[in-house]
Amino acid sequence: MAHHVQTPCVLGIDAGTEAVKAGLFDLEGNRIAIGSCSYRTYFPAPGWAEQAPDEWWDALVAAVRECIARSGVSPAAVAGVSADATTCTLAPLDAAGQPLGRALLWMDVRAAEQAQRIFATGDPALRYCLAGVNAEWMPPKMLWMKENEPERYAAAAHLLEYTDWLAYRLTGRLTLNRNTATQRWFYYPPGGGWPLDFFAAIGLPELVYKFPNEVLPLGAVIGGLCEEAAEALGLPAGIPVAAGGGDAFVGLLGQGVTQPGDLGVIMGSSNVLSALAAEELHFPGVFGSFPDAVIPGLNLVEAGQVSTGSVLSWFKRNFCGDAALEAARRGVSVYQLLDEEASRVPVGSEGLIALDYFQGNRTPHTDSAARGAIWGLSLQSGRGQVFRALMEGIAYGMEDILQTLRRHGFAVQRIIASGGATHSPLFMQIYADVTGQPLHVTREPEASLLGSAIVAAVGAGLYPDLQTAAQRMVAIEQTYAPDLARHEEYQFFVRQYQETYQRLRELMRRMHEKQNRKQA
């Protein structure tokens, strides 16, 4: 259906791991249309993952053109543009601004050994990651390139994030964004910016000369849409393009998370939990805090569960063949059928405890050797009990993170959720009952896409700041209130879950070592 929208609207671009999406929104945050186009990931060696910038651009053009065509909106009504992308995706460019080969995707972990060496320096800059440096982050990737591809490293006049490369192609201007620079590049605004001593200590003293000079906050105008990009996208040249950031963190704005005490959870195959704090916080069990990363004057605190939706999908794929047949017969989804069975099972799944660490634990333990477990099985444990136990285990994992935050003086006042799991009322109620806090679900499920539209609206001068834009453009569609009796009952099971990891940790580590020896 064609919307004949003549009032201004904004274009958000969300460049993910699989595809780029473009969404057109009005100034109340209603989605007018969406377009999307996928691209390839190349895996040239174990642990490596690459994407081609030229393929990003082709996909972006296709997604934007599809979105505008579907919307029926006149291109002249588009008042602002902003783009977010995956974080830690490194795009090296030559002096002429051309890509030097393929970009290293965020999930590329070839720099594991460099990450360990960087962590071993014990430099004060490492206060953000007291449990270890992630091989996905930027300095390890850059050090790997310098040591293993010295010609490419020497020729790289500019090192950019995927987000900054998009901004460059849209405006013709080379900049970095403060959102990912603070979280993944160790940029520290209160201390004057780049940690030069840290870069020297890890063997990259020249690194800062490869960075664009400007590091722009979310919503700052980089420039107008350049002629070349405008022509490719079918939009008027000169539309203000606002500096974006990392997908999950721009997604916070799309959830309305703008003040201390708010926690945003993006629920997909994994859960990304992010909150804003008034003070800097540094303790094991979280990443951060990163000053000024989203809202100026506030600190971004980050936590996460590696396997959440992916655990339920594992169960469905491997153990629910007959459920799939029955669901098809009844015209419902397999998940709806499983939810129905699980809803008949009492709190605690009749004595089952499931650990959700199928691919390790990100926070609060940061333990890559941890694995999933289910115990308490009896001959009366059926599919409904096991499926409920998996959902409860994931909710216990979130409560474990919330308790870690509380122990360090950060109280979560409001939890806002978006993403796939929010389609299950049972799962949302379990989260609310386990945590004892209401769970608010947003109207727009594509939080990052709406977040980029919010950033674009601020860049276009349609709202004075990110907080105001988010308050006006984000709507809460539904709230799940905790049942306090069930919350009381869950306390016992949460403690069992926490103790299960403590008692199994050593066994898991031994098994991990044996498996690794076998593979070697």
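The values are calculated or read from the model by the stated rules, or taken from the named source; none is laboratory data. Only a predicted model underlies this, so the values are computations on that prediction, with no experimental measurement involved. Cβ atoms come from the backbone with ideal geometry, glycine included; neighbour counts cover every protein chain shown. Surface accessibility is based on the protein's heavy atoms, side chains included, excluding ligands, DNA and RNA. Shrake-Rupley method; radii C 1.70, N 1.55, O 1.52, S 1.80 Å.
Estimated from helical segments only, the mean residue ellipticity of the chain at 222 nm is -12500 deg cm²/dmol, where each DSSP H run of four or more residues counts as -39500 (n - 2.57).
Couplings 3J(HN,Hα) for segment 230-246, derived from phi with the Karplus relation 6.51 cos²θ - 1.76 cosθ + 1.60 (θ = phi - 60°), are 4, 5, 5, 8, x, 10, x, 5, x, 4, x, 10, 9, 4, x, x, x Hz, where x marks Gly and Pro. Over all distinct Cα pairs, what is the inverse of the mean 1/r for segment 75-152, reported as the Kirkwood hydrodynamic radius in Å? By the Kirkwood definition, the hydrodynamic radius is 14.5 Å. Between the amide H of H158 and those of L93, distances stay under 5 Å, these residues lying 5 or more places away or on another chain, with hydrogens modeled in the peptide plane. Normalising by residue count, segment 279-407 has a Cα convex hull of 136 Å³ per residue.
A convex hull fitted to the Cα coordinates of segment 38-182 yields 132 cubic angstrom per residue.
Averaging the Cα positions of each part gives two centres, and for segment 478-516 and segment 289-328 these lie 16 Å apart.
Averaged per residue, the chain has 39 square angstrom of accessible surface, using a 1.4 angstrom probe with ligands and nucleic acids left out.
With a Förster radius of 35 Å applied to the beta-carbon distance between Q403 and A154, the computed FRET efficiency rounds to 0.10. Counting only residues at least eight positions apart within a chain, or on another chain, the lysines with an alpha carbon under 18 Å from that of K146 are K210.
3J(HN,Hα) along segment 274-291, derived from phi through the Karplus expression 6.51 cos²θ - 1.76 cosθ + 1.60 where θ = phi - 60°, amounts to 9, 9, 10, 10, 6, 10, 6, 10, 9, 7, x, x, 9, 9, x, 8, 10, x Hz, with x in place of Gly and Pro.
Ranked from largest, the principal axis spans of the Cα set of segment 173-247 equal 47, 22, 20 Å. Here the gap between Q519 and S269, fully extended at 0.36 nm per residue and compared with their Cα-Cα distance, gives a gain of 87.4 nm. Among the GluC sites (Glu not before Pro) in segment 267-331, those placed in a DSSP loop whose Cβ has at most 16 other Cβ atoms within 10 Å are E279, E280. Of all aspartates and glutamates in the structure, those lying under 14 Å Cα to Cα from K141, and not within fewer than 8 positions of it along the same chain, are E50, D108, E113, E149, E161. Taking a sphere under 14 Å around the Cβ of N271 and counting the other residues whose Cβ falls inside, with K and R at +1 and D and E at -1, yields a net charge of -3. Between D58 and D322, the modelled label-to-label distance comes to 4.8 nm, taking each label 7 Å out from Cα in the direction of the beta carbon.
Backbone phi angles across segment 486-493, fed through the Karplus curve with coefficients 6.51, -1.76 and 1.60 (θ = phi - 60°), yield HN-Hα couplings of 5, 4, 4, 4, 5, 3, 4, 5 Hz in residue order; Gly and Pro are listed as x. Over all pairs of different C-alpha atoms, segment 308-350 has a mean inverse distance whose reciprocal, the Kirkwood radius, equals 11.0 Å.
Please list log₁₀ I(q)/I(0) at q = 0.14, 0.15, 0.18 Å⁻¹ for segment 97-255, using the Debye equation with identical point scatterers on the alpha-carbon positions. Log-scaled intensity ratios, in q order: -0.75, -0.86, -1.18.
The value given for segment 420-517 is a Kirkwood hydrodynamic radius of 17.1 Å, derived from the mean inverse Cα-Cα separation. Counted by Cβ distance under 11 Å from A115, the other residues give a net charge of +1, where Lys and Arg count +1 and Asp and Glu count -1.
Calculate what fraction, in whole %, of the accessible area of the chain sits on carbon and sulfur atoms when a 1.4 Å probe is rolled over the protein chains.
53
Within the straight-line cut-off of under 23 Å between alpha carbons, none of the lysines are reachable from K21, sequence neighbours fewer than 8 places apart in one chain being disregarded. Reducing segment 122-143 and segment 46-61 to their Cα centroids gives an inter-centroid distance of 25 Å.
Shape annotation for segment 209-262: C-alpha extents along the principal axes are 43, 33, 15 Å, from largest to smallest. Counted over the chain, the DSSP beta bridges are approximately 70% antiparallel.
Taking N as the number of residues in segment 225-300, what is its alpha-carbon radius of gyration divided by 2.2 N^0.38 Å? Output field value: 1.44. Cα convex hull, segment 338-472: 141 Å³ per residue, rounded to a whole number.
For segment 209-361, the extents of the C-alpha atoms along the principal axes are 58, 45, 29 Å, listed from largest to smallest.
Computed log10 I(q)/I(0) for the chain at 0.13 Å⁻¹: -1.34, from the Debye equation with unit scatterers placed on every C-alpha and solvent omitted.
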